[in-house]
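Following: one structure in structure tokens, then a few remarks.
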Amino acid sequence: MRYLILSDIHSNREALSAVLSFVQRKRWDKAVFLGDLVGYGANPNQTVDLVRQLKPLAAIRGNHDKVCSGIEDGELFNRVALEAAMWTRRKLTRTNLKWLRSLPEGPAVVDGAFAISHGTPIDEDASIFGEIEALNVFRQTSFPVCFFGHSHFPVIFGLSPDAITTVLTVAPAFRFKLKPGVRYLINPGSIGQPRDGNPLASFAIYNDKSKYVTIYRIPYRVYETQQKILRAGLPRPLADRLALGR
Ligand SMILES: [Fe+2]
């Protein structure tokens, strides 16, 4: 099976549409979503509608999905994130609000092939930024492969019997073959708000038979997304950061 792995879309319709039109030319069998469909951007309903149309789909919730749909109050959010979440909560249709509230908490196992989580498989709200966090997760779990999101940059952590290695991807289409005997934690990057200094939308396709994962970076109409954010009255830093990728 070829899995289309999507994460951290954050109501960015232009970025998601660019990814979905790009993958029309690719083969994929199932979409997998790692959470944070909404929050920050100006098109929450349009992005929820687009993801709901993906079939088949395996999806889990992110921390922003919880706050935007009213499952949590966002007391840990900074001012900008909370303001965007409350704006999103007011804009979501009743149907989309209900759909977001029904997203399951991670971790989940997809087709017995790999695990998925938003933050970490232990805590959906926790982050994996570097090898120490990755090592702690590897030690407390047993999955061979887990895709995760939340940190908004593409990265592959591999744990062999001897050492942990980090692959930070830079190429616009980075192809990597998973090795036998090595466990992996893989972030496909963020579609709607990349934070690795590269503003291009980031996502992955994983073939569980060939064991190749490819992380793609795709351009989209950033200026249009920024203008929508400003016109909606959302905080300006949410628009500014999109051009910088941080
Ligand atoms: Fe996120």
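The values are calculated or read from the model by the stated rules, or taken from the named source; none is laboratory data. Nothing here was measured: the structure is a model prediction, and the numbers come from that model. Virtual Cβ from ideal backbone geometry, glycine too; neighbours counted across all protein chains shown. In case anyone asks, the SASA skips ligands and DNA or RNA and just uses the protein heavy atoms, side chains included. Shrake-Rupley method; radii C 1.70, N 1.55, O 1.52, S 1.80 Å.
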Worksheet, complete the sentence: The helices (runs of 4 or more DSSP H) lying entirely within segment 1-82 that contain at least 2 residues which are more than 16 Å from the ligand (Cβ to nearest atom) are 13-22, 44-52
Worksheet item: So is P44 closer than 21 Å to A126 by Cβ and either at pLDDT 95 or above or open to solvent by 50 Å² or more (accessible area, probe 1.4 Å) (or both) or not?
Response: no
Discussion item. Considering only segment 158-173, I want to know if a residue exists there that is closer than 15 Å to F114 by Cβ and of a type in the set (S, T, Y).
Written reply: no
Fill in: Hits in segment 160-199 - residues which are surrounded by fewer than 20 Cβ atoms within 10 Å (Cβ to Cβ) and of a type in the set (A, V, I, L, M)
A163, I164, V167, L168, V170, A171, A173, V182
Item to complete: Could you please find all residues in segment 7-25 being open to solvent by 10 Å² or more (accessible area, probe 1.4 Å) and either without any contact (Cβ under 8 Å) to a residue 40 or more places away in the chain or touching a strand residue (DSSP E or B) at 6+ places or on another chain (Cβ under 6 Å) (or both)?
Response: A18, L20, S21, F22, Q24, R25
Worksheet item: Residues in segment 76-83: is at least one β-branched (V, I, T) and touching a helix residue (DSSP H, G or I) at 6+ places or on another chain (Cβ under 7 Å)?
Response: yes
Fill in: In segment 144-185, residue farthest from L37 (Cα to Cα) [restricted to those that are within 16 Å of the ligand (Cβ to nearest atom) and out of contact with any His (no Cβ under 6 Å at 6 or more places or on another chain)]
V155
Discussion item. Against the definition (of a type in the set (V, I, T), under 30 Å from D162 (Cα atoms) and not in a loop (DSSP other than H, G, I, E, B)), how does V109 come out, yes or no?
Written reply: yes
Fill in: Condition check for L168: aliphatic (A, V, I, L, M) and without any contact (Cβ under 8 Å) to a residue 40 or more places away in the chain
yes
Response to the item:
Per the filter on segment 78-102, residues open to solvent by less than 40 Å² (accessible area, probe 1.4 Å) and within 19 Å of the chain's Cα centre (by Cα) are A81, A84, A85, T88, N96, L100
Item to complete: Please give the number of the condition N136 fails out of (1) in a helix (DSSP H, G or I); (2) open to solvent by 60 Å² or more (accessible area, probe 1.4 Å); (3) in contact with a strand residue (DSSP E or B) (Cβ under 6 Å, 6 or more places away or on another chain).
Response: (3)
Worksheet item: Does E72 meet the test of being touching a residue at least 40 places away in the same chain (Cβ under 8 Å), open to solvent by 10 Å² or more (accessible area, probe 1.4 Å) and among the acidic types (D, E)?
Response: no
Worksheet item: Which of the residues that make up segment 192-246 are closer than 24 Å to E83 by Cα and either among the hydrophobic types (A, V, I, L, M, F, W, C) or in contact with a strand residue (DSSP E or B) (Cβ under 6 Å, 6 or more places away or on another chain) (or both)?
Response: P194, A201, V222, I229, L230, A232, L234, L238, A239, L242, A243, L244
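Yes or no, residue by residue, for (1) farther than 17 Å from D8 by Cβ; (2) basic (K, R); (3) at pLDDT 95 or above:
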position: S127; (1), (2), (3): no, no, yes
position: F138; (1), (2), (3): yes, no, yes
position: P144; (1), (2), (3): yes, no, yes
position: H150; (1), (2), (3): no, no, yes
position: G158; (1), (2), (3): yes, no, yes
position: T169; (1), (2), (3): no, no, no
position: K179; (1), (2), (3): yes, yes, yes
position: N187; (1), (2), (3): no, no, yes
